[in-house]
Amino acid sequence: MKKTILFLLASLLLPAIMVAQPIQKIMGHYVNDSISSEGFSVSSSGTRSIAIILEPEELEVFQGGKIVAIRVGLSEPTKISRMFVIPVKGTKYGTRTDWECDMGDAGWNTLQLETPYDINLEEDEKLLVGFYYDQVLNVNALSFVNVGTPYDCYTYTKVGSTSKWKAINSTKNGNLSLQCIVEKDSYPDYRISAYGLKADNIVPLGDPLPFSMVVSNRGDKQIDANALELKLSIDGNQVATISNDAPFVDGYCNIHAAAPTEGIGTGNHVLTVDLVAVDGQPLDEPISQSAEFITYEQVYPRQKHLVEQLTSTYCTYCPLGNSMLNILTSQRDDIIWVGIHGNLGSGVDPFRSNQADSIMSYMTGGSISYPSGAFDRNTGWNDDVSIVNGLGYSSSAHEEVAEYLGSFFDFITATRPTFVGINADCTFDEETRMATVSVWGNMTDDFDEMMGTDARLTVYIVEDSLVAPQLNSGTWINNYTHNGVFRKAIGSIKGMPLNKTEQGKYNNVYETVIPSDWQWENLRVVAFVSRPITNYRQGFTDMYVNNAESFKFKKEGSGDITGDVNEDGEVNIADVNEVIAMILSQSSDLKGDLNGDMEVNIADVNALMDIILNN
């Protein structure tokens with residue numbers, strides 16, 4: 001009986017004397033167990049350092065806790081010799097705390113800290129967390145994953161005469177697999193943040209505007225579906241209220257929705273998403289994000305995409321770029337390929353010019369590399385200092401790269417509507433060697449809103465079938481044929497304003513003397529409308545090509561035959577068949593546009609039949 005009473009007393013007293021167990025949570029740029037199966041190398045061989053900086057908003061919920069472990073995810077095995085933590089305030093780095101270790105398996109490697117690191121941070125203080133590892137040739141050990149908002153990584157390296165922590169521009173790869181395990185007595189239920197709002201840049205007038213964003217909770221409570229209240233506004237006017245369709249996973253929720261756009265006009269607008277409540281509880285302050293977008297009403301067919309290749313006859317890898325672009329242009333009929341030549345080392349390229357040098361400098365900020373290329377001058381490469389991408393891929397990758405570039409151009413076609421059509425009359429006078437180029441077309445009524453009043457028409461003259469020596473994998477090819485070689489820009493390399501002749505129309509006329517050593521029969525005019533090319537110091541964010549087309553010269557006085565679509569010198573049923581073939585294949589070639597509406601359709605067949613019947 002006495003023993004039973006003692007057990008009963010102990011069980012009654014137990015709840016009163018139990019100590020709450022500390023809670024462990026992951027602290028990092030992302031908080032799940034993801035590791036990339038394909039690793040990265042970010043520096044040369046040797047023992048290297050790499051680190052992340054945890055920002056104040058990521059650290060706030062962990063204030064007062066202890067880092068009890070640090071873990072590193074590797075895609076391939078390599079030795080990790082040391083881990084460290086350094087507080088950062090502004091540009092000043094505090095006392096470094098580090099721990100020796102010997103680990104490095106593929107997967108997660110966790111170092112339990114014998115002495116936990118106390119998180120007692122000052123206002124706006126950050127933490128730099130990193131490790132030293134062995135970078136081995138051909139070993140891609142570092143894991144980056146596309147989870148959460150990507151943050152840059154840092155390495156300690158010499159910059160000028162001093163050594164410092166320097167960003168390595170790794171955000172395009174995602175977040176480094178580096179996390180801390182933090183132990184704390186308790187965490188708040190909610191620590192909500194929202195980020196990464198992305199909306200379609202441009203949508204048809206009246207269509208819903210697709211957008212996405214991420215909401216995270218670094219607190220302790222699980223948030224289920226339909227727990228968030230988000231208010232959508234366009235230009236300050238509320239248009240909808242939405243919630244989250246799915247629950248939070250690992251503290252994150254991806255929001256994918258669409259905002260109604262009825263009642264707004266064409267042009268520039270701002271979408272604002274305000275997170276105002278969670279689980280029915282209003283936030284002290286709404287979390288607000290905004291994104292700009294454009295609505296449009298009228299478009300023209302895409303004619304051609306523009307590839308501006310940077311190349312040199314002294315570039316031993318440039319034939320690789322040529323081979324890959326040959327595959328691309330053989331697969332598609334909507335590509336104009338212009339080869340812009342420059343010198344390399346002490347080698348003087350026979351097709352180099354001052355204009356070519358200037359164009360390449362604008363595109364690259366002066367750091368020209370061969371072979372490379374700009375693709376509709378689009379910034380789809382997520383590069384802040386260049387609009388070109390390397391083309392020196394090995395031949396085994398050419399099919400894959402050509403397929404990727406084709407998909408990229410399809411993406412541009414789908415996301416960047418065309419607001420202008422391009423036609424041209426190009427004649428050459430053999431006696432005076434004067435070339436006359438008249439570029440004309442239609443513009444949408446809202447062209448200035450869509451493209452800006454500073455949009456430019458640029459006109460290149462290029463030459464095909466040029467034979468000159470070309471270095472190829474260390475060997476000179478004496479009779480290498482170069483096509484689409486940039487010869488000159490007429491007007492300006494930066495383009496000229498569109499000369500608007502009447503409502504919705506433009507016509508720019510140029511004259512230039514063709515040098516005697518240029519074969520006029522092999523010359524072409526490449527005309528394109530774009531945002532203006534800018535100095536690289538102003539950033540590469542707004543130079544894209546909206547439409548492009550290529551035209552052959554005709555001898556002055558030879559005359560054009562209206563309706564001669566197949567250019568056989570006659571107008572007959574063969575030309576009707578040519579137009580029908582264009583319609584069926586949805587060709588972007590506007591030779592069949594006989595009624596001047598910048599489209600090839602059944603109306604052009606009717607116009608052609610009228611020409612035939614009236615002749």
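The values are calculated or read from the model by the stated rules, or taken from the named source; none is laboratory data. In this text the structure is predicted, and so the values were computed from the model without any measurement. Counting neighbours? That spans all protein chains shown, and the Cβs are built from the backbone with ideal geometry, glycine included. Ligands, DNA and RNA are excluded from the accessible area calculation, which covers all protein heavy atoms including side chains. Shrake-Rupley method; radii C 1.70, N 1.55, O 1.52, S 1.80 Å.
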Filter region 99-116 down to residues that are out of contact with any Leu (no Cβ under 9 Å at 6 or more places or on another chain) and surrounded by 15 or more Cβ atoms within 10 Å (Cβ to Cβ) and give me whichever is nearest to CYS253 (Cα to Cα).
-> LEU111
Can you give me the number of residues within region 392-429 that are open to solvent by less than 70 Å² (accessible area, probe 1.4 Å), under 15 Å from the mean Cα position of the chain (by Cα) and of a type in the set (D, E, K, R)?
-> 1
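Which strands (runs of 3 or more DSSP E) does region 180-277 wholly contain that include 3 or more residues that are under 30 Å from THR413 (Cα atoms)? I'd like the intermediate steps shown before the answer.
Working: elements: 192-199, 202-204, 209-217, 228-234, 237-242, 252-259.
By residue number, 192-199, 202-204, 209-217, 228-234, 252-259.
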Mind checking whether some residue in region 463-479 is assigned to a loop (DSSP other than H, G, I, E, B), touching an Asp or Glu at 6+ places or on another chain (Cβ under 7 Å) and not polar (S, T, N, Q)?
-> no
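Yes/no matrix, rows are residues, columns are (1) open to solvent by 70 Å² or more (accessible area, probe 1.4 Å); (2) within 28 Å of the chain's Cα centre (by Cα); (3) hydrophobic (A, V, I, L, M, F, W, C):
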| site | (1), (2), (3) |
| --- | --- |
| ILE234 | no, yes, yes |
| ASN237 | yes, no, no |
| THR241 | yes, no, no |
| ASN244 | no, yes, no |
| PRO247 | no, no, no |
| ALA257 | no, yes, yes |
| GLY263 | yes, no, no |
| HIS269 | no, yes, no |
| THR272 | no, yes, no |
Residue tally, condition touching an Asp or Glu at 6+ places or on another chain (Cβ under 9 Å) and open to solvent by 60 Å² or more (accessible area, probe 1.4 Å), over region 281-301 | 5
Applying the selection to region 292-323, what residues are in a strand (DSSP E or B), modelled with pLDDT of 95 or more and not β-branched (Val, Ile, Thr)?
-> LYS304, HIS305, LEU306, GLU308, GLN309, LEU310
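Among the residues in region 304-313, are any of a type outside the set (Asp, Glu) and surrounded by fewer than 22 Cβ atoms within 10 Å (Cβ to Cβ)? Can you show your working first?
Residues of region 304-313 of a type outside the set (Asp, Glu): 304-307, 309-313.
With surrounded by fewer than 22 Cβ atoms within 10 Å (Cβ to Cβ) added as a condition, the list becomes none.
No, the conditions are met nowhere in region 304-313.
Listed here are the residues, each with its yes/no results for (1) modelled with pLDDT of 95 or more; (2) open to solvent by less than 60 Å² (accessible area, probe 1.4 Å).
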| site | (1), (2) |
| --- | --- |
| ALA435 | yes, yes |
| VAL439 | yes, yes |
| ASP446 | no, yes |
| GLY452 | no, yes |
| SER473 | no, no |
